[in-house]
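The values are calculated or read from the model by the stated rules, or taken from the named source; none is laboratory data. Please read these numbers as outputs of a predicted model, since none were measured by experiment. As a convention, Cβ positions derive from the backbone with ideal geometry for all residues, glycine included, and neighbour counts pool all protein chains shown.
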Amino acid sequence: MAVFVALGAFLMTLAGGWTAQRVTDRRHLVLGLAGGLMLGVVGLDLLPEALGAAGTPVFGVPAALLLFVAGFLLAHVVERLLAVRQAAHGAEEHVRTPAPREHPGHGPHAGRGPDGPAHDGPAGHDAALHGAAPGGGRAPEVGLTAAAAMVFHSAMDGVAIGAAFQVDGGMGIAVALAVIAHDFADGFNTYTITSLYGNARRKALAMLFADAAAPVLGAASTTFVTIPEQLLGGYLGFFGGALLYLAAAEILPEAHHEHPARSTVLCTIAGAAFIWLVVGLAA
């Protein structure tokens, strides 16, 4: 029964990812909505669950909150290290690339260099230096790591469905409805964050399908293994911290970078409000 119900989460996740890739002409609105959804998931869903499962104080602070801060800091450190490595690699490639020769009677940016068309003006030089990466200089590994964490979170959602059905059928249905409702946001965020960091569309789709299948596999796994509640709560706190960093430090600033519009802010508020509605209906 749990696996059958988890198929609803599979379909809802795919629907969220499909929506994310169909609105590319309104990318700032997509990012604004994704940021709001992620903020709502962290503050209204993950943290309360983490505190309930891993609220034991460690030197005066609940373990879930310590892991929340650790997740935030680790996401920041990993992103900075990857960005520094990518910048150093780009600088090395630029040093190894020979400068185009000038031809008599032609300007420095006209004609063809020894390896093809020369770049015209500062924009061309900038594209040559940075490789015109679709991720805007971001490290693609960060997006894949974040998406992998989303996949693991979705697997834990499936485990929650299976565990709830082991307790009571009514509880299982209630938990399943909550998971199915917010899996639209999970699929939306998984595709958005993978592609935002410059990963190819096929990789974003692969992570989306992995995220969609994860609840089904998680629900099936409950027939063989049980995860201790405190360990699960600690993971939720840690994952929540990493997710909040990506929303606050990357997705929302990117959403407002080129389109500081009121509609973007409204999309962010709507995303958080939607998660509030889902949590409230599931309570």
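When you check Leu33 against the structure, is it surrounded by fewer than 15 Cβ atoms within 10 Å (Cβ to Cβ) and either touching a residue at least 40 places away in the same chain (Cβ under 8 Å) or part of a loop (DSSP other than H, G, I, E, B) (or both), yes or no?
Working: surrounded by fewer than 15 Cβ atoms within 10 Å (Cβ to Cβ): no; either touching a residue at least 40 places away in the same chain (Cβ under 8 Å) or part of a loop (DSSP other than H, G, I, E, B) (or both): yes.
So Leu33 fails the test.
If Phe209 passes every condition in (1) at pLDDT below 90; (2) under 18 Å from Asp157 (Cβ atoms) but one, which one does it miss?
Of the numbered conditions (1) at pLDDT below 90; (2) under 18 Å from Asp157 (Cβ atoms), the odd one out for Phe209 is (1).
Please pick out the residue among Ala50, Ala70, Ala63 that is modelled with pLDDT under 90 and either out of contact with any Lys or Arg (no Cβ under 6 Å at 6 or more places or on another chain) or at negative phi (or both). Please lay out each step first, then the result.
Details: Ala70 fails: modelled with pLDDT under 90; Ala63 fails: modelled with pLDDT under 90.
The conditions single out Ala50.
Given the conditions (1) closer than 21 Å to Leu39 by Cβ; (2) modelled with pLDDT of 85 or more; (3) of a type in the set (Gly, Ala, Ser), and given that Ala181 satisfies all but one, which numbered condition is not satisfied?
(2)
Here are some conditions: (1) in a helix (DSSP H, G or I); (2) in contact (Cβ under 8 Å) with a residue 24 or more places away in the chain. Arg26 meets all but one. Which one does it not meet?
(2)
Looking only at residues that are assigned to a helix (DSSP H, G or I) and over 20 Å from the mean Cα position of the chain (by Cα) in the stretch 254-278, which one is modelled with the highest pLDDT?
First, the residues of the stretch 254-278 that are assigned to a helix (DSSP H, G or I): 254-257, 262-278.
Remaining after also requiring over 20 Å from the mean Cα position of the chain (by Cα): 262-263, 266, 277.
Numbers: Arg262: 87, Ser263: 89, Leu266: 93, Leu277: 89.
Residue satisfying both the conditions and the ranking: Leu266.
Which residues, counting only those in the stretch 186-228, are part of a helix (DSSP H, G or I) and surrounded by fewer than 22 Cβ atoms within 10 Å (Cβ to Cβ)? Talk me through it step by step, then tell me what you get.
Applying the first criterion (part of a helix (DSSP H, G or I)) to the stretch 186-228 yields 186-196, 201-221.
Within the stretch 186-228, Arg201, Arg202, Lys203, Leu205, Ala206, Phe209, Ala210, Ala213, Leu217, Ala220, Ser221 qualify.
List the pairs whose first member sits in the stretch 39-58 and is under 18 Å from Ala149 (Cβ atoms) and assigned to a helix (DSSP H, G or I), whose second member is at pLDDT below 90 and β-branched (Val, Ile, Thr), and whose Cβ atoms are under 6 Å apart, counting only residues at least 6 apart or on separate chains?
Pairs found: Gly40/Ile275; Val41/Ile275; Asp45/Val279.
Can you name the residue in the stretch 212-229 that is at pLDDT below 85 and not aromatic (Phe, Trp, Tyr) and is also farthest from Ala53 (Cα to Cα) among such residues? If you could, list the steps in order and put the result at the bottom.
Taking the stretch 212-229 first, the residues at pLDDT below 85 are 222-229.
With not aromatic (Phe, Trp, Tyr) added as a condition, the list becomes 222-223, 225-229.
Details: Thr222: 18, Thr223: 21, Val225: 18, Thr226: 15, Ile227: 12, Pro228: 9, Glu229: 6 Å.
This residue is Thr223.
If a residue has to be touching a Ser or Thr at 6+ places or on another chain (Cβ under 6 Å) and closer than 14 Å to Tyr235 by Cα to count, how many in the stretch 139-153 make the cut?
Step one: filter the stretch 139-153 for residues touching a Ser or Thr at 6+ places or on another chain (Cβ under 6 Å), giving 143, 147, 150.
Applying the additional criterion that residues be closer than 14 Å to Tyr235 by Cα yields 150.
Counting residues in the stretch 139-153 that are touching a Ser or Thr at 6+ places or on another chain (Cβ under 6 Å) and closer than 14 Å to Tyr235 by Cα gives 1.
Considering only the stretch 208-253, how many residues are within 20 Å of the chain's Cα centre (by Cα) and of a type in the set (Asp, Glu)?
Summing the residues that are within 20 Å of the chain's Cα centre (by Cα) and of a type in the set (Asp, Glu) in the stretch 208-253 gives 2.
Scan the stretch 229-272 for residues that are of a type in the set (Ser, Thr, Tyr), farther than 19 Å from Pro62 by Cα and surrounded by 14 or more Cβ atoms within 10 Å (Cβ to Cβ) and report the count.
Qualifying residue count for the region: 3.
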